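Student: Okay, here's the structure, questions in a sec.
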Amino acid sequence: AAGAQGVIGTTGFTTADLDLLDREARAAGRALLIAPNFARGMLLLQRFGEELVKHFPRVEVIETHHEGKADAPSGTAQRTAERLAAVGARSAPRDGSEPARGHAVDGVRVHSLRLPGVVARQDLVFGSSGESIVLRHEALSRECYLPGVLLAVRALCGPPGPGQGASRHVGLLRGLDALVFPGR
């Protein structure tokens with residue numbers, strides 16, 4: 001309503017919330033990006049994970065954050081599991097007798113750890129007959145998020161292209177990957 005573009009780095013929005021924000025942004029002719037994570041390395045981990053699912057569809061996510069992190073699983077881990085599930089990933093079947101198997105997100109299990117001395121870490125553990133692959137992204141400091149935030153601000157608030165309004169985009173963009181890997 002104030003005429004600004006929006007860059008939001010938080011999670012917890014419902015599908016209804018996102019639909020409403022998209023409608024409001026479009027009605028105002030503005031862009032809004034909501035991303036659970038601004039680390040470029042995390043985007044690459046998710047993208048490489050999607051590629052691995054084609055050959056190793058069995059995967060589980062282990063996410064570790066500092067003790068003050070309130071949500072579990074994190075929004076980033078949930079988004080990773082959603083992306084992997086969308087390309088066919090799944091965790092081992094569950095028969096109901098395994099209470100410590102983590103939280104299921106679209107059929108992909110997510111395990112959450114909260115420990116001192118950690119900023120953020122996410123492992124994707126892929127398994128197949130006789131072999132496994134582990135991908136890891138670790139945020140060693142919060143500095144790693146700044147390039148992604150700047151990318152988002154510049155993309156949404158920078159000078160528009162020819163024939164465009166106040167932004168190159170209108171409406172809701174979900175995740176920094178919408179800017180880094182457009183069309184995916």
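Student: I'm trying to understand the selection: among the residues of region 1-27, which are aliphatic (A, V, I, L, M), surrounded by fewer than 17 Cβ atoms within 10 Å (Cβ to Cβ) and more than 15 Å from the chain's Cα centre (by Cα)?
Tutor: First pass over region 1-27, keeping only residues aliphatic (A, V, I, L, M): 1-2, 4, 7-8, 16, 18, 20-21, 25, 27.
The next check asks that each one be surrounded by fewer than 17 Cβ atoms within 10 Å (Cβ to Cβ); those that pass are 1-2, 4, 8, 16, 18, 20, 27.
Passing the criteria: 1, 2, 4, 16, 20, 27.
Student: For residue 45, indicate whether it is modelled with pLDDT of 95 or more and within 16 Å of residue 147 (Cβ to Cβ).
Tutor: Considered against the rule, which asks whether it is modelled with pLDDT of 95 or more and within 16 Å of residue 147 (Cβ to Cβ), residue 45 comes out as yes.
Student: Additional query: Go through region 133-152 and count every residue that is over 28 Å from residue 34 (Cβ atoms) and in contact (Cβ under 8 Å) with a residue 40 or more places away in the chain.
Tutor: Residues flagged as over 28 Å from residue 34 (Cβ atoms) and in contact (Cβ under 8 Å) with a residue 40 or more places away in the chain within region 133-152 amount to 1.
Student: Quick check on this structure: which one of 158, 127 is open to solvent by less than 50 Å² (accessible area, probe 1.4 Å) and free of Cβ contacts under 8 Å to residues at least 24 places away in the same chain? Even if it seems obvious, please write down each step before you answer.
Tutor: Values: 127 fails: free of Cβ contacts under 8 Å to residues at least 24 places away in the same chain.
On inspection, the qualifying residue turns out to be 158.
Student: I would also like to ask the following. Would you call residue 63 open to solvent by 10 Å² or more (accessible area, probe 1.4 Å), more than 30 Å from residue 2 (Cα to Cα), under 19 Å from the mean Cα position of the chain (by Cα) and of a type in the set (D, E, K, R)? Steps first, answer last, please.
Tutor: Working: open to solvent by 10 Å² or more (accessible area, probe 1.4 Å): no; more than 30 Å from residue 2 (Cα to Cα): yes; under 19 Å from the mean Cα position of the chain (by Cα): yes; of a type in the set (D, E, K, R): yes.
Against the criterion (open to solvent by 10 Å² or more (accessible area, probe 1.4 Å), more than 30 Å from residue 2 (Cα to Cα), under 19 Å from the mean Cα position of the chain (by Cα) and of a type in the set (D, E, K, R)), residue 63 does not qualify.
Student: Among the strands (runs of 3 or more DSSP E) confined wholly to region 27-138, which include 3 or more residues that are aliphatic (A, V, I, L, M)?
Tutor: Qualifying strands (runs of 3 or more DSSP E): 31-34, 58-65, 108-114, 120-128.
For (1) without any contact (Cβ under 8 Å) to a residue 40 or more places away in the chain; (2) within 18 Å of residue 132 (Cα to Cα), each residue gets a yes or a no:
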position: 1; (1), (2): yes, no
position: 8; (1), (2): yes, no
position: 26; (1), (2): no, no
position: 50; (1), (2): yes, yes
position: 70; (1), (2): yes, no
position: 79; (1), (2): no, no
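The values are calculated or read from the model by the stated rules, or taken from the named source; none is laboratory data. Keep in mind it's a predicted model, so treat the numbers as computed, not measured. So basically every Cβ, Gly included, is an ideal-geometry build from the backbone, and we count neighbours across all protein chains shown. The protein model used for the area step is the full one, side chains on, heavy atoms only, and it has no ligands, DNA or RNA in it. Shrake-Rupley method; radii C 1.70, N 1.55, O 1.52, S 1.80 Å.
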